[in-house]
Structures are given as C-alpha cells and as structure tokens.
Amino acid sequence: EKKKEKEMKHLFLIFLMNLLHQYAGKSLRRDGSSLKSFEDIKNEIAGYTDIAKAIIDLAVHGKAQNRSYERLAVFADTIGPRLSGSKNLEAAIKYMFSALQKDGLENVHLEPVKVPHWERGEEFAVMLEPRNHSIAILGLGNSIATPPEGITAEVIVVASFDELRKRAQEAKGKIVVYNQPFISYGETVQYRLQGAVEAAKVGAVASLIRSIASFSIHSPHTGWQNYQPDVPQIPTACITVEDAEMMSRMSLRGTRIVVHLRMGAKTYPDALSFNTVAEIVGSKYPEQVVLVSGHLDSWDVGQGAMDDGGGAFISWEALSLIKDLGLRPKRTLRLVLWTGEEQGGVGAKQYYQLHKENISNFDIVMESDEGTFQPSGLGFSGSAEARDVVKEIMTLLQPINVTDVYDPADGTDIAYWMRDGVPGASLHNDINKYFWFHHSQGDTMTVQDPNQMNLCAAVWTVVSYVIADMEDMLPR
C-alpha cells in the first residue's frame, strides 16, 4: 500500500515538474491557454524592428516624405475652413471620400450624423468712450445675435468669476469684459464655455471674453460656448488679449468705458453630416479594430490646417504608408475622420452609440488633435499591463528619438471609448505655440512644418501597425 502511494507521489511530482517546465514564465488562463510572459511580449515586439525602420525611412526620408503635408496643403487651400453644418464641410467630406478611394484604401464609406449648424453672420464692435477704437471680435459658437441696432452699454471688467459675483450689483445692464489670465487651456477655457451664462446670471446684456490664448498679436480666438436652459441668453464674443488688458487698465484707473456691439449670428436646425471611414482589413482577426483618427471639421476662420488638418492627415498617412509597404496587419486598421468635434465631439458620440456593441473588439482608439509639431512621444490611457506593452512598442521609435509615454491620452472624440475601458492614445508633441493659432485666423498652412509632420506620421504608423499586428490585443 505504502509503496504504491510513494510511486503515485513520485509520478505526480514528475508530472508537476513537466507541467512547470512547459509553462515556465507563463501563467495559466482559466480556459487553459497560456498567457505570454512579458519576456515573450518583449521578444515579439523586438521582431518589429525592421518593419519600424522601413516605416520611418519611407515617411521621413523616402518616397512618402512630405506627403501628408502636401496633401493637407492642397486640401486646406482648396476647401478652406470647415464649420459644422457649412457647405465647406460638405465639400471637405466629398473631397476626402474621393481621395481615400483613389488612394486604394478598403471599405471607404460615410456614416451619417446630425451636427449643429450655427453661422456667425456680420460682426462689429467699437469702443465709444473714452476714445473711438475698433475692437476685433469673433462671436462664440452658439451665440445669439444682438438686436439689429446692436447693443451700446457701459463695460464692467473682471479678472475672474469670483470677482464678477462679488460685483454682481454693478454688472446689471452692462457688458461684462473678462480679463482672466491664461493659466492652461483646460482651466482657462471655462471662461469661454461659461462666460455668457455667468454674466447673464448677474443681469449683464452681453459678454466679451479675453481670447483663450497663450500669446497674441491682436488676434481673437473663437470656440464653442454653452447656454443653460434656466439662464437668459446674451450675445457673447471673444476679444483680443490686448484689448482685454487695455480695458482692464482703463477701468482700474476709474475710466468709464462704453462699447457698441453688433452680432448677426444665427442658429439653424441640425444639419446632416458624416464621419468618414476607410480601412486596411485585418488578415487574421478582421473583426478586431485599431482605430486612428482626427477630426475633419474646423472653425470658420483660418484654414483649420493645425486644428485638426494635421491630425486627420497623419492618420490617413498611417494607412497609406502601411499600404505602400505591402503590409497587412492581423487586425483591421480603421481610419475615422470625425465630424462636429468642435461642438463637443458630436460625430464621435453618435459613432460610439452605433459601434459600442462591438466594444470588446476595439483594441485601441487613437486620436491626434493637439497639433503635429515636433513629436515627443505618445499620450496613453489604459491598464498598467497595456502601458508596459506600449512603452516597449515606443522603443521601436528610437531611430527618430521619440520614445516617451505620457499619462493620459487626450481627445474629445475617443473619450467615450476610453471611459468604457478601451485603451486610448494621443500624439504627444511640442504644443508651445499651439494656442497662439488655435481657433483663430492664424490657423493656416503657414503653421505646419513638413519635416515635423513626417515624424508625427512615422510615430502614428509604427504604433498603430504594431498594435494591429501583434498576436494578442492590449490587456484591458
């Protein structure tokens, strides 16, 4: 009996040793398949070194050099600015639909969405006291018009919402001028979004907001603003940093300021628009998706070259480079050019509603919407395990010295997916000058640099291709 027991134990030990040897460095999943160790994943990623080099060479030095810049220049010069609901945006979508087909991409199609349709109309502002001075303005998206004869009123200048609340009694019947300092876009943009509502709450007749810009050469910057259902709607526009500071100095000296404001803005019923989609279909897991994106709409000033022409066109470029190299990743690489981003990710929200039932098949969502200047790495949101994988992938970009991973990923259009736990990535680049030009007449091709766009395209392509081609999806 005892001998038998000993033999069984011995056999069991041998079996266990074999098992351990078989799964050395691997952990068992519930379904019995083995999870790769990080060492395995590292080796798998290292296997992409040559492909990464080929992508970088083609984008930065080879035949595709400057291509994303040239394509963007033709597009921006031909179409111009592309405001949600406008004829220009319609023309832009038609243009891209045809260009993506000509490029030989697969499943090129349009997905209909409803977008806001607001037009600024004619605008005019002038200081009447203490002297005659023309004030450059840009009405804010969704603003109502002034009465046809305009509004003439005394100005109250405040540096914060707090100051406005403290001086509520003084603000009644006046035009509120906000001269808030620029801290960061995320923080300071609250003045643009809520400025009209806060001014209306204290009985003001209009609000003029210092442009959300880190630097100015007498340039107003537009953007979306929100009314609230229970607060009266008043006309609202952005003014230049210079004029906001001047009126602040005047008012601190006790000088009475009077401004005349005329705005012809109109809001129409929501318009039909489209998200524009193209793919390289996956060879092994076609139902799984790596999504690369930028938004096609822009404001109605400048050319929308930087916001977000660059991001849209390096996303297109990623598919072009992969196609040019004759590569077909295991997963489907999907390009989405969003519509209605500037109104708060309107097209992206409807895309998400439509496709979220397949959420487990979305490997990563990537969006470039903060410029395509000198790249420094990747913004990433996801699990710690996924971050480790992405950090490893970024080492493939050593040849152009763009290897850093930042926290988090940023993007209005991919936020819906990231909130649901899908990994997200955004291009991390030098945005020092981004807010100089953002939402202004200055957002033109002159801001873009072909060499920097080449580097951005290389980063975007290597990351999206490797994630799409690895055997396993990123861990959630």
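The values are calculated or read from the model by the stated rules, or taken from the named source; none is laboratory data. Everything quoted here is computed from the prediction, not taken from an experiment. Note that each Cβ is placed from the backbone with ideal geometry, even for glycine, and that neighbours are counted across all protein chains shown. Remember, those area values only see protein heavy atoms, side chains included, never the ligands or the DNA or RNA. Shrake-Rupley method; radii C 1.70, N 1.55, O 1.52, S 1.80 Å.
Numerical summary
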quantity	calculated
Where trypsin sites (Lys or Arg not before Pro) fall in DSSP loop in segment 158-207, at most 16 other Cβ within 10 Å	Arg167, Lys172
With Cα atoms, 0 to 90° folded angle of helix 310-324 axis to the chain main axis	30
Cα-centred dipole magnitude for segment 121-264, charges only on beta-carbon of K, R (+1) and D, E (-1), debye, nearest 20	320
Long-range HN-HN contacts of Val108 with modeled amide H, under 5 Å	Glu279
Restraint check, Lys36/Lys349; Lys330/Lys391; Lys94/Lys391; Lys266/Lys433, Cα-Cα greater than 27 Å	Lys36/Lys349; Lys94/Lys391; Lys266/Lys433
Structure-based [θ]222 nm, the chain - -39500 (n - 2.57) summed over DSSP H runs of at least 4, per residue, nearest 500	-11000 deg cm²/dmol
With Cα atoms, 0 to 90° folded angle of helix 346-355 axis to the chain main axis	30
Estimated translational D of segment 134-216 in µm²/s (Stokes, Kirkwood radius over Cα pairs; 10 °C; 1.306 mPa s)	120
Over the chain - Rg/Rh using Cα atoms and the Kirkwood inverse-distance radius	1.10
Lys, Arg +1 and Asp, Glu -1 on Cβ, resulting dipole of segment 267-417 about Cα centre, debye, nearest 20	720
Equivalent-ellipsoid semi-axes of segment 121-264, from the Cα gyration tensor, Å, largest first	18, 17, 16
For segment 180-336, alpha-carbon Rg over 2.2 N^0.38 Å	1.47
Rg over Rh, two decimals, segment 216-273 (C-alpha only, Kirkwood Rh)	1.07
Accessible solvent surface per residue of segment 121-264, calculated while the other protein chains remain in place, 1.4 angstrom probe, Å²	43
Computed over segment 329-476, Kirkwood Rh from alpha-carbon pairs, angstrom	16.0
Assigned charges on the beta-carbon of Lys, Arg, Asp, Glu; the chain dipole about Cα centre (debye)	760
Förster radius 22 Å - calculated FRET efficiency between Leu252 and Ala168, Cβ distance, rounded to 0.05	0.70
Farthest toward positive dipole pole in the chain [+1 Lys/Arg, -1 Asp/Glu at C-beta], among Tyr178, Gly62, Gly424	Gly424
Within the accessible area of segment 41-119 (1.4 Å probe), percent carbon and sulfur	54
With every protein chain in place, segment 121-264: carbon and sulfur % of accessible area (1.4 Å)	53
Distance between segment 324-359 and segment 376-441 - C-alpha centres, whole angstrom	17
Cα long-axis angle, helix 87-102 against the chain (0 to 90 degrees, to the nearest 10)	20
Probe 1.4 Å - accessible area at Met473, Å² to nearest ten	50
